[in-house]
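Structure first, commentary second.
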Amino acid sequence: MYLFATAFGGFAAFLLFLVLIIVLLRLKSQLIFGIYPAKGLFYQLKYIIALLLVKRLRHRVYHKKDELNSPEFLAQMDRPQALSDNPQSYDVVSFMGANEQGEKVFVTLERRRRGVLKACLYLYLPEHGLFCTPKLPDMLYFTTDGTRENEEFKGCGFHIYPEESMRQWRIRYEGELRPASDERKCLPVQLNLQFTTQAPFFYYNRDLSSAVIADSVAREAWNDAFYNLLKNVPEMVEKRIHYEQSGQLVGEVQLAGRDLPLKLRGFRDHSFGTERCLSNINRYVYVALFLADGTSMVVGNLSQPSFFLSSLKVGYVCTPKGIYEPITGCNFELYTYGEKGTPPRHKNFIVQTAKSNYFVQIEEQQSTVRYLGADWASKIYNQFVACTVNGVKGQGITEYLYRNKHGERPEAVSATDPEWFRRVKSFERSLSQGELEDDDEVFFF
């Protein structure tokens, strides 16, 4: 009886300790600006648990996925994707590049259902300034009558397509550009660039450092909603495919009758899936830098509290030999960089990888604004910058996204929208109010 009582007492003490741990893990950390959780008292314990869980989950999902390197799989993944019936279905490609002379190019095309295309092009020439597509800051274009899908990254003067899977892409634009500071002056332009690479691709679901994921998760309160989300992580992750690849952009641009050759170091990204709703994102910052020694760097911080990632660092350093080193830590916190709605012109922060530390200094050269969504739900600042990383000079582009809570797409901009689009563009507002009058008009931007 004494042994039984002792054993029972020990088991009860263990249960009490376990319950106490669970209760402590559920506690909320102090929130900075009411959004960003600080490292709580039990951060280290939660970090260790989260790190083990992330590593185990990734091992279970990816250690046998040999098809990720098969030519057939890569060819399928690297082409324009078929948009599903899901109203959130999307497919987007982007290219960024810069050279030591300070010339920069940024182009992005996002395909949405019913032939909607979100597109923009920036061309920064130090001697002439910043040029952009005439419709900016609005990005919405319509490539069909709304009853058909657009199966290519094509329309409104753009045509972007793979020439060889994971090796070559072609970027073409024929139309007009205008100085970013003058909405009335448009110049004829023809842009023809080829992106080439021999580097592998950085697959975020697989290659992002487990350490930065664990850091973000360890700051959150592990409540019932968190555990329910945890059960569906594998399925949710597979709905968000995003990969990037370092390479070169080479070609020419004809601007107002002048031929300008371009040779830039850059990268491309390709994202597709069904989980890309702007209303779920608080804000993010994305930094792409290209250094004189051939190194490139991508650093970002995403705030998506609804996904229990209020402050997720992302990115990597790519060596001149095309080897990716995921960042394992960074002191770039969103609340210290432009939280009030205006990006800072100067930024200094430290990035860590498993092999090195990098001291990053950034200075803005020029900045511009564009809007996303049928009701301009989000506002993006793109900065064209010069940088120094560990004493090495470079050039780059940064992107700051904010929720545009009180914004609305002006009538002067939307006046030329097709009638079918006018019927459905209020969907995001209806969604936020929990009111959907017509399921046939479901649409996401």
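The numbers here are math on the coordinates, done by the rules we state, and not lab data. Keep in mind the model is a prediction, meaning the values are calculated, not measured. Methodologically, a virtual Cβ is constructed for each residue, glycine included, from the backbone with ideal geometry; neighbour enumeration extends over all protein chains shown.
Tell me, what ³J(HN,Hα) does each residue in the stretch 383-392 have, in order and in whole Hz, if you take phi through Karplus 6.51 cos²θ - 1.76 cosθ + 1.60 with θ = phi - 60° and put x for Gly and Pro?
10, 9, 10, 10, 8, 9, 10, 6, x, 9
In whole Hz, what ³J(HN,Hα) sequence does the stretch 370-382 give by Karplus (6.51, -1.76, 1.60; θ = phi - 60°), x for Gly and Pro?
Values, residue by residue: 9, 10, 10, x, 5, 10, 6, 5, 10, 10, 10, 9, 9 Hz.
Collect residues whose amide H, placed 1.01 Å from N in the peptide plane, falls under 5 Å from the amide H of Leu121; neighbours closer than 5 in sequence don't count.
Thr133
For Cα pairs less than 8 Å apart in space and 6+ apart in sequence, what is the mean separation divided by the residue count of the stretch 136-230, i.e. the relative contact order in percent?
Relative contact order of the stretch 136-230: 16 percent.
What's the magnitude of the charge dipole for the stretch 54-410 around its Cα centre, counting Lys and Arg as +1 and Asp and Glu as -1 at the beta-carbon? Answer in Debye, nearest 20.
In debye, rounded to 20, the stretch 54-410 gives about 520.
Collect residues whose amide H, placed 1.01 Å from N in the peptide plane, falls under 5 Å from the amide H of Trp376; neighbours closer than 5 in sequence don't count.
Distant-sequence amide H within range of Trp376: Arg409.
To one decimal place, what Kirkwood hydrodynamic radius in Å is obtained for the stretch 54-410 from all pairs of distinct Cα atoms?
21.0 Å
Let me have the relative contact order for the stretch 54-410, percent, based on Cα pairs under 8 Å that are six or more residues apart.
Once divided by the residue count of the stretch 54-410, the mean separation gives 15 percent.
What residue among Ala75, Gln352, Tyr337 has its Cα farthest toward the positive end of the dipole of the chain, where the charges are +1 on Lys, Arg and -1 on Asp, Glu, each on the Cβ?
Gln352
For the chain, modelled as a GNM with alpha-carbon contacts under 10 angstrom, which of Glu364, Glu100, Glu235 fluctuates the most?
So, out of Glu364, Glu100, Glu235, the one fluctuating most is Glu235.
List the lysines whose alpha-carbon lies under 19 Å from that of Lys154, not counting same-chain residues fewer than 8 positions away?
List returned: Lys118, Lys135.
Report the residue, chosen from Gly146, Gly391, Gly175, that carries the largest GNM mean-square fluctuation when the chain is represented by alpha-carbon nodes joined by springs under 10 Å.
Gly391
For the stretch 405-421, just list the computed ³J(HN,Hα) in residue order, Karplus coefficients 6.51, -1.76 and 1.60, θ = phi - 60°, integers in Hz, with x standing in for Gly and Pro.
Each residue's phi maps through the Karplus curve to give 4, 10, x, 7, 5, x, 4, 4, 7, 7, 4, 9, 4, x, 4, 4, 6 Hz.
Pick out, from Tyr227, Ala288, Phe307, the residue whose Cα sits farthest towards the positive end of the charge dipole of the stretch 54-410, with +1 on the Cβ of Lys and Arg and -1 on the Cβ of Asp and Glu.
Tyr227
How do Asp85, Asp293 line up, fewest other C-beta atoms within 10 Å first?
Lowest count first: Asp85, Asp293.
For Ala221, which sequence-distant residues (separation of 5 or more, or a different chain) have an amide H within less than 5 Å of its own amide H, given hydrogens modelled in the peptide plane?
Ser29
Which helices, counted as full DSSP H runs in the chain, have an axial Cα extent of no less than 30 Å and a Kyte-Doolittle average of -0.5 or above?
2-25
Along the charge dipole of the chain, which of Tyr141, Val107, Leu191 sits closest to the positive end, that is, farthest toward it, with unit charges on the beta carbon of Lys, Arg, Asp and Glu (+1, +1, -1, -1)?
It is Val107.
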